[in-house]
Every structure is written in structure tokens, then in C-alpha cells.
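What follows is a single structure, written as C-alpha cells, with notes after it.
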Amino acid sequence: MAVRHSIVGIGSPRELEEALRAAYYLADEELSTAAYLALALGKPLLLEGAPGVGKTEAAKAIAGVLGRVLLRLQCFEGIDAAGALYEWNFPRQMLAMRQESEGGGRVDIYRDEFLIERPMLACLRRPEETVLLIDEIDRSDHEFEAFLLEFLSDFQISIPEREMRIIMMRASGVGERAARAVVAAVGRLRREPLTKLPGIAEAVEWAEAATLLNEQGARWPDAFKRSLGVVLKDEDDLVHVAPKIDAILAEAQA
């Protein structure tokens, strides 16, 4: 872990407290220490308290001290990863596909120009320029809370459409349907408390292994189940996932 002893010239909790005061925010020693350590260690800062105690103002003041843009993600019941991360600009994609058919060329509808950033993705892309405020987490459901924990622990996410393209490019003979199923299943596995979370390399290997078994006669989703050891290489992880794998695969192939 890289520890930053100085953040934009602030080298101690006391200096951060003074900088926040200059930004018209009064922080006590406890808050300034917690905020300084979160910045120095690159960790999230959890603030709890009743409405109106200054949690949002603290985020605004910290962003101001750092000279960064404050991004706010407002949680609510039913919020999902798409609302927090990104959405595809479907009208623009459809227009591009129509122009492609008329012009006879090829267009990649998953380029950045067709992507609509939401707060979490914007923060991932520009971590040194932004501060992400995730507000009212308690209003979200357990699935989204698990997604947030994964994001905050690793500070990374994968975009399924791009991961699917990588699998199809790197895994020989894997069709689009199998690639989509693998991406969905691996995404679900990454939300489990595993010793070793599967990465894109394991996803590619699983797609290749399952496709090979399918070509040799194994039906879906049995081909995925029989090759599970390719994507989960820890025995404890296999034992943990075994009772859930049927449901995971059914959801992935839906």
C-alpha cells in the first residue's frame, strides 16, 4: 500500500483541520484525523449522523481543499450498478448502426463516445481530479451495498460489454452467447466472499474450457459447472460456491 504523507501540501491532521477552517468548515480533531488518514491511505471515509449535521458539507469542504470536483451519488431504493456507473446512449448507438448499414462500413457501438458516465465511473477515470460522495447508502438494497463494498475495497469495476469483447477476442471459438453468460456469471462470483476473486484471465479460460466441453458433448450449463475449477482455483472457494452455482448459472443464462 502506498502511503501519501502529504496531500496537496497537507502533511498532518492539524494542517488539514486548518485548511478546512480556511474553507469555512469547522472540523474537530477526530474528523480531521480520520479524513487525513483516509486521504493518505487511499481509503473511503464513512461519516454517520443525523440529517443536517454537516456530512455533505464536509465532503464539499474536502473537495475544495484538494481542488477537486465533487461528484455526488444519491442512493435510493432500487438503485443498481447502471445508475451508479454508466449507461449506454442507445439512441446514439441506433443512429450509428443505421448510418453503418447505409454506408456499408463498420462501427464499434461500445466506444467511449457512446458511454454516459455516472458518478462512480467518472471518479474511477479521474481519481486525482474528483471526490466521490456516496449519500444515504442505507436506502439501497443489500445487492447494491455488496457492489459498493467491492468497488470501495478494490476501487475498480469491469464493464460487461467490454469484458465480453475481450473474451471473444482472446478465447478461440467462443460464441457471443457463451461469452455473455461467462461475463454475467463471473460478475456474480466477484460479489461472493472468495479468497481469490476471478479476473479477466480466469473468465477467458473458463469460456474456453466450457466451450471445449460443449463441443465434446456436454450441454449448457453443465459445461460451465464441470469447468468451474478453471475460474475458481481455491478449494474453499469451490466449496463455498457449489451450493449456489446452479442459481448463478441460471441467472447468467437468463
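The values are calculated or read from the model by the stated rules, or taken from the named source; none is laboratory data. Just so it is clear, the structure is predicted and the values come from calculations on it, not from any experiment. Note that each Cβ is placed from the backbone with ideal geometry, even for glycine, and that neighbours are counted across all protein chains shown. To get the accessible areas, we keep the full protein, side chains included, count just its heavy atoms, and leave off ligands, DNA and RNA. Shrake-Rupley method; radii C 1.70, N 1.55, O 1.52, S 1.80 Å.
Close amide H pairs (under 5 Å, H built 1.01 Å from N) link Val131 with Val69, Leu70, Leu71, residues at least 5 positions away or on another chain. Normalised by the number of residues in segment 1-159, the average gap of Cα pairs under 8 Å and 6 or more apart makes the relative contact order 24 percent.
In square angstrom, what is the accessible area per residue of the chain with a 1.4 angstrom probe?
58
For the peptides 138-147, 55-64, 7-16, residues were scored by their other Cβ atoms within 10 Å and the scores averaged per peptide; the highest-first order is 55-64, 7-16, 138-147.
Distances between placed amide hydrogens fall under 5 Å for Arg118 paired with Tyr86, Glu87, all partners being 5 or more residues away or on another chain. Note on the chain: with charges restricted to the Cβ of Lys and Arg (+1) and Asp and Glu (-1), its dipole about the Cα centre is near 680 debye. Compactness of segment 164-254, taken as the C-alpha radius of gyration over 2.2 N^0.38 Å, stands at 0.97. Each residue of segment 70-82 was assigned a 3J(HN,Hα) from its phi angle through the Karplus curve 6.51 cos²θ - 1.76 cosθ + 1.60 (θ = phi - 60°); the sequence is 8, 9, 10, 10, 8, 7, 7, 5, x, 4, 10, 4, 4 Hz, with glycine and proline shown as x. Each residue of segment 15-32 is assigned a 3J(HN,Hα), and the resulting list reads 5, 5, 4, 5, 5, 5, 5, 5, 8, 6, 10, 8, 10, 7, 4, 5, 5, 5 Hz, derived from the Karplus form 6.51 cos²θ - 1.76 cosθ + 1.60 (θ = phi - 60°), x at Gly and Pro. Computed over protein heavy atoms with a 1.4 angstrom probe, the accessible surface ordering of Tyr110, Tyr24, Tyr86, largest first, is Tyr24, Tyr110, Tyr86. Net length available on complete extension from Arg106 to Lys196 is 28.5 nm, with 0.36 nm assigned per residue and the Cα-Cα distance removed.
Residues considered: Arg72, Arg92, Arg125. Largest GNM mean-square fluctuation over the chain, using C-alpha springs under 10 Å, is found at Arg92. Of all DSSP-defined beta bridges confined to the chain, some 40% are antiparallel rather than parallel.
With every protein chain in place and a 1.4 angstrom probe, the accessible-area ranking of Met120, Met168, largest first, reads Met168, Met120. Comparing Ala23, Leu228, Gly217 along the charge dipole axis of the chain, the residue lying farthest to the positive side is Gly217, per the Cβ-charge model. When Trp220, Trp206 are compared by accessible surface with a 1.4 Å probe, the order from highest to lowest is Trp220, Trp206. Under a model in which nothing but the beta-carbon of Lys, Arg (+1) and Asp, Glu (-1) is charged, segment 40-113 shows a dipole of about 320 debye around its Cα centre. Residue-normalised convex hull volume from the C-alpha trace of the chain: 170 Å³ per residue. Placing unit charges on the Cβ atoms of the charged side chains and taking the dipole of the chain about its Cα centre, the candidate lying farthest along the positive direction among Gly187, Gly175, Ala203 is Gly175. Take each peptide in 190-200, 174-184, count the other Cβ atoms within 10 Å of every residue, and average; sorted highest first, the result is 174-184, 190-200.
If I compute solvent accessible area with a 1.4 Å probe over the protein chains, what percent of it on the chain is carbon and sulfur? Ligands and nucleic acids excluded, carbon and sulfur reach 53 percent.
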